[in-house]
Amino acid sequence: MKIIEDGRAPNPRRVRIFLAEKDIDIEYEQIDITEFQHKTPDFSDLNPLQRVPVLLLDDGNAISESMAICRYFEELQPEPPLMGTGPYVKANVEMWQRRMELNLLFPVAQTFRHLHPAMKEMEKPQVAEWGEVNRPRVLTMLSLLDAELSGRQFIAGDEFSVADITAMVGMDFMKPARIERPENRPSLERWHNEVSARPSAGA
Ligand SMILES: N[C@@H](CCC(=O)N[C@@H](CS)C(=O)NCC(=O)O)C(=O)O
C-alpha cells in the first residue's frame, strides 16, 4: 500500500496530516505535477481525473479524492476518530468538512490556479477574473469562521476533526495564493495557532 502524491500540494497535505493524527505510517511515492507526471497513461489508469493524492492498495485498487482516502483509514483504524462518532457528530463533522472544502480550500485554490503565473501551464485557460471572484469569497468565509470559533474550540465542535485539517490547509494555502490574511480575527487566529502547533501540522 502506498500514497502517490506531490509533497508540495495542498490536497496531499490533508491526507498526510490525517494519517499523522492517527499515527499511521505509510509509504509515499513522490511525483512532480509541475513536470506533468500525473498526466502519464500509468497514472491516468489509477486516477482518470489526473489529480493527486492517490492511495494504491496492495490488491491493485486505487482510491483518489482526499476525503475518500481519509475515509478508508478512518474505517481501518477508527481511533482517534477524526470523522466523528455517532449519527449527529458524524453528520456535523461532514457538514463542516464540506463547508471548509467548498467555501475555503476551493476558492483559495481557484485564486491560486487562475492568478498565479506558475499555474499558467497547468490551468488552461487561466481566467484572471474568476481568480479575482474567488478572493473575497475566502475572506467572507474567514469572517464567518471567526464568529463561529468564538464559541467553540474547533471547527466542528469540541474535538479536533478532519474539518480542522481542511480548514488549516486552506488557510495556509492562502500564502502561495497571495491572499492576505485578514486582521482582527482573534478567534480565527487563536484556532489557527492551536491547530498549527499540533505535531501533525508539519506532516
Ligand atoms: N478533489 C481532489 C482534488 C485533488 C487536486 O486537485 N489535487 C491537485 C494538487 S493539490 C492536483 O493534482 N493538481 C494537478 C492538476 O491540476 O493538474 C481531492 O480532494 O483530492
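Readers should treat all values here as calculations from the given coordinates under stated rules, not as data from a laboratory. As the structure is a computational prediction, the values presented were derived from the model and not from experiment. Cβ sites come from the backbone with ideal geometry, for glycine too, and all protein chains shown count toward neighbours.
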### Query
Does Gln126 satisfy being within 10 Å of the ligand (Cβ to nearest atom), out of contact with any strand residue (DSSP E or B) (no Cβ under 8 Å at 6 or more places or on another chain), part of a loop (DSSP other than H, G, I, E, B) and among the polar types (S, T, N, Q)?
no
### Query
For Ile26, which of the numbered conditions (1) surrounded by fewer than 22 Cβ atoms within 10 Å (Cβ to Cβ); (2) among the hydrophobic types (A, V, I, L, M, F, W, C); (3) within 18 Å of the chain's Cα centre (by Cα) fails to hold?
(3)
## Note on the structure
Of the residues in the stretch 82-109 that are away from the ligand (no atom under 15 Å from the Cβ) and buried (at least 18 other Cβ atoms within 10 Å of the Cβ), the one that is nearest to Ile17 (Cα to Cα) is Leu82
### Query
Is there a residue being free of Cβ contacts under 8 Å to residues at least 60 places away in the same chain, buried (at least 19 other Cβ atoms within 10 Å of the Cβ) and among the β-branched types (Val, Ile, Thr) anywhere in the stretch 162-182?
no
### Query
Restricting the stretch 15-36 to residues that are touching a Phe, Trp or Tyr at 6+ places or on another chain (Cβ under 9 Å) and near the ligand (Cβ under 10 Å from one of its atoms), which is nearest to Asp172 (Cα to Cα)?
Val15
### Residue under evaluation Gly157, criteria (1) farther than 21 Å from Glu21 by Cα; (2) more than 15 Å from the chain's Cα centre (by Cα), criterion not met
(1)
### Task
Tell me which residues, restricted to the stretch 159-203, are polar (S, T, N, Q), part of a loop (DSSP other than H, G, I, E, B) and within 30 Å of Glu79 (Cα to Cα).
Ser161
## Note on the structure
Of the listed residues (Pro78, Pro12), the one being more than 13 Å from the ligand (Cβ to nearest atom) and either within 25 Å of Arg98 (Cβ to Cβ) or among the polar types (S, T, N, Q) (or both) is Pro78
## Note on the structure
Pairs returned, first residue in the stretch 110-129 that is at positive phi, second residue that is of a type in the set (S, T, N, Q), beta-carbon separation under 9 angstrom, 6 or more apart or interchain, are none
